Amino acid sequence: MGEKWLNVIPQSLKSYVLSQLHNSVTGGHLGVKKTLSKVRERFSWFKQRDDVASWCRQCDICSSKKGPNKKPHAPLQKYNVGAPLERITVDILGPLPRTYKGNRYLMVVGDYFSKWADAIPIRDQEATAVANKLVERVITILGVPMEIHSDQGSNFESNVFREMCKLLGLHKSRTTGLRPQRDGMVERLNSTIENMLVSFVSENQKNWDEYIFVLMMAYRASAHDKPEYSTEYVDELSTKLDKIH
C-alpha cells in the first residue's frame, strides 16, 4: 500500500475541521487523544496537538459534563487476551430516562482485545430481553465468543442466560463478592457512553436512543490505547471532511 496523502488546510478552515471532528454527532465530543487521532488521519498543520487540546478545553459541552475526579473504590481488574472474541464483557447501563420508544436501559458489550464495543437500547433488563438482544445484535453478527464476562446481576445469573451460554458452548465468568475488583474496561466504556449521550440528548432526555448508534460508530472509529485491532471489528467512519481533496 502507498503512503496516504494528507490535506494541508489554511488557518481559516481549522475551526470548521475541529468542529466536525469533535462537536458533531460523528465526532462524539470525545477527548483530546481521540479527536487528535481523527484529525491526523485526514489533515496536517503545524501545532495540531495544541490546537486540538485548546479546542477541547474550550468546548462548553465538554466542560459542563466534567465533575470532580473520583478515586476507585477497589482496584481495577486486568485481563490478558490474545485475539478478538476470546473474551467479551456485557453490562447494563441504567436506568436512563424512558425514551419515546420505551427504552430505559443500554446493554453495553465490549471485546477485550479489539476494543470493539456497542451499546444497545432495551426496554427492561430482564434475562430474556438481555439474552435475546445479545444473540440478535452481537453473536449472530460477530460470532460466538469463547468467554463472556459480567457482574453478578440476576439477569446474567439466571437460568435463561445460563442455558444460552450452554447452547452456544461459551464459558461464563463473573465478578465475585469475595474479590470485589471492578472491570476497568467496562467502567471506562460506560463513562464514555454517558458523556457522549449528555452531549447530544435533548433537554427532556427522551431521545437518547436516536443518537446512540451513531455515537457508538464514532467511538469505534476512534483510536484506543491498544493498537492490536482486527479491522474486521472496527468501523471505518467516513465524514464529509473525507470528501475534501
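Considering the Cα positions of region 87-221, please state its Rg to one decimal place and its Dmax as a whole number of Å.
14.6, 44
Can you compute the charge dipole magnitude of region 9-64 about its Cα centre, using +1 on each Lys and Arg Cβ and -1 on each Asp and Glu Cβ, nothing else charged? Give it in debye, rounded to the nearest 20.
In total the dipole reaches around 200 debye.
Compute the relative contact order of region 103-173 as a whole-number percentage, counting only Cα pairs closer than 8 Å that sit 6 or more residues apart in sequence.
Across region 103-173, relative contact order equals 26 percent.
In debye to the nearest 20, how big a dipole does region 87-221 give about its Cα centre with +1 on each Lys and Arg Cβ and -1 on each Asp and Glu Cβ? Display every interim value, and only then the final one.
Numbers: 17 positive and 16 negative charges, 32 e Å.
That gives a dipole near 160 debye.
Averaging sequence separations of C-alpha pairs under 8 Å and six or more residues apart, then dividing by the length of region 87-221, give the relative contact order as a whole percent.
With pairs under 8 Å counted, the relative contact order is 26 percent.
Over 23 Å between C-alpha atoms is what I'm after, so list which of LYS14/LYS34; LYS34/LYS172; LYS33/LYS172; LYS4/LYS34 land there. Please list the in-between numbers first.
Numbers: LYS14/LYS34 17 Å; LYS34/LYS172 32 Å; LYS33/LYS172 34 Å; LYS4/LYS34 19 Å.
From LYS14/LYS34; LYS34/LYS172; LYS33/LYS172; LYS4/LYS34, over 23 Å: LYS34/LYS172; LYS33/LYS172.
Could you work out the relative contact order of region 9-64? I mean the mean sequence separation of Cα pairs under 8 Å and 6+ apart, divided by the number of residues, in percent. It would help to have the intermediate numbers written out before the result.
Numbers: 31 pairs, mean separation 18.1, N = 56.
Relative contact order comes out at 32 percent.
Rank ILE61, LEU36, VAL25 by how far each Cα sits towards the positive end of the charge dipole of region 9-64 (+1 on Lys, Arg Cβ; -1 on Asp, Glu Cβ) and give me just the farthest.
Of the options given, the answer is LEU36.
So what's the Cα pair-distance distribution over region 9-64, bin width 5 Å, in %?
4, 21, 38, 26, 10, 2, 0
Quick note: the coordinates plus some simple rules give every number you see, no bench work behind them. Predicted, not measured: the structure shown is a model, and the values here were computed from it. Quick reminder, even Gly has a Cβ in these numbers, built from the backbone with ideal geometry, and neighbours come from all protein chains shown.
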